[in-house]
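Shown next, in structure tokens, is the structure this report addresses.
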Amino acid sequence: MNKKPGEKADRSGQYEIIGPRGGKTGEERTVVKGEPLPPTPKPGETYHIVDPSKNNSGK
């Protein structure tokens, strides 16, 4: 499930930016659970979590 910029992160971890047509951009952002996802470089891009934190603080 992709999330839009500004939505709160469900889990802490690395979120990859997904292009407007669903392609991977290779760019990632680290986001903490409960914090809003940052703006994306281009309009229409979304985020998908690719590497959740493994220290149990982000659950």
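Judged by the gyration tensor of its Cα atoms, with axes a ≥ b ≥ c, the chain is prolate; a/c meets the 1.5 cut and a/b is the larger of a/b and b/c. Whole-Hz Karplus values for the stretch 47-52 come out as 10, 9, 6, 10, 8, x Hz, taken residue by residue from phi with 6.51 cos²θ - 1.76 cosθ + 1.60 and θ = phi - 60°; glycine and proline positions read x. For the pair Thr30 and Arg11, label points projected 7 Å from Cα toward Cβ lie 1.8 nm apart. Overall, the chain carries a charge dipole of about 140 debye about its Cα centre when +1 sits on the Cβ of Lys and Arg and -1 on the Cβ of Asp and Glu, all other atoms neutral. Measuring nothing but how far apart in sequence close Cα pairs (under 8 Å, 6+ apart) lie, relative to its length, the chain scores a relative contact order of 46 percent. Amide H contacts for Glu27 (H built 1.01 Å from N in the peptide plane; partners 5 or more residues away or on another chain; cut-off under 5 Å): Ile17. Taking θ as phi - 60° and the Karplus parameters 6.51, -1.76 and 1.60, the scalar couplings of the stretch 26-31 work out to x, 9, 10, 10, 8, 10 Hz in sequence order, x denoting glycine and proline. Residue-wise HN-Hα couplings along the stretch 13-23, as the Karplus relation 6.51 cos²θ - 1.76 cosθ + 1.60 with θ = phi - 60° gives them from phi, are x, 8, 10, 8, 7, 10, x, x, 9, x, x Hz; Gly and Pro carry x.
Throughout, read-outs are computed from the coordinates displayed, never taken from laboratory work. Everything quoted here is computed from the prediction, not taken from an experiment. We place every Cβ from the backbone using ideal geometry, glycine too, and count neighbours over all the protein chains shown.
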